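Any read-out appearing in this document is the output of simple, stated calculations on the displayed coordinates, not a laboratory observation. Because the structure is predicted, anything quoted here is derived from the model rather than measured. Cβ atoms come from the backbone with ideal geometry, glycine included; neighbour counts cover every protein chain shown.
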């Protein structure tokens, strides 16, 4: 067999004799991009930009007015003055609140019945006495106080805007009232004829008055309290000295007030 037989290069080798060809290739590195290369010109440009920004900031800073040491002292002193003023304002308001809660407050308490007066011959009741209770609800005394009270029987109701004059010849009683204390006015005499007229609905019996005083915190500001009652609901035999007589002191439409609420300002002198 002298003829040469060309081997099919595609022919697979016999089973078990397959050969493997391993190709070893070294990893390749892409060349750096133009932005990542060390560019001397770009570096110089960025450096110039930084210098320009720094220069502009320095110029801006130099243009800002700089307070002198004396000016800084004045500014600090101004802040100190404002802070001190605020502290004083807080202390003042606290003091005013404390004064309001502790100062004297004189109030009309009630109308009380006192003695009874009888006719020595008929032994019938002819009059009774009444007196007013004043109370100080404050924690400090009321000083240089004056009071006045008036009673007036009349058929008609008091008109709106009535002046509530100080009637009678009584003197304005001067007194001092301690904290949480109560005092009574002098008594005034009401005849049983007026009580009977009120009981029968023929008459009104008005009693009004006022008190002025000063508290210990302010010797210049006069305080005032005013009251007015309309006596109604008189019960009992007003001619029997042994009878139990009661009545109701109803508030009037006006003349019940404190301090600035009162339209008039009584003069105790």
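What to note about this one:
- Relative contact order [Cα under 8 Å, 6+ residues apart], segment 106-261, whole percent: 25 percent
- Over segment 89-173, the Kirkwood radius and the radius of gyration, each from Cα atoms, give a ratio Rg/Rh of 1.17.
- Relative contact order, whole percent, for segment 136-199 stands at 49, derived from Cα pairs under 8 Å and 6 or more residues apart.
- This ranking places 123, 255 by how few other beta-carbon atoms lie within 10 Å of each, fewest first, which gives 123, 255.
- Alpha-carbon Rg/Rh ratio, for segment 106-261, with Rh computed the Kirkwood way: 1.01
- Taking 196, 86 and counting other C-beta atoms within 10 Å, the order from fewest to most: 86, 196
- Separation between Cα centres of segment 202-262 and segment 132-148, rounded to whole Å: 15 Å
- As a proxy for reagent exposure, 108, 162 were ordered by neighbouring Cβ count within 10 angstrom, fewest first; the result is 162, 108.
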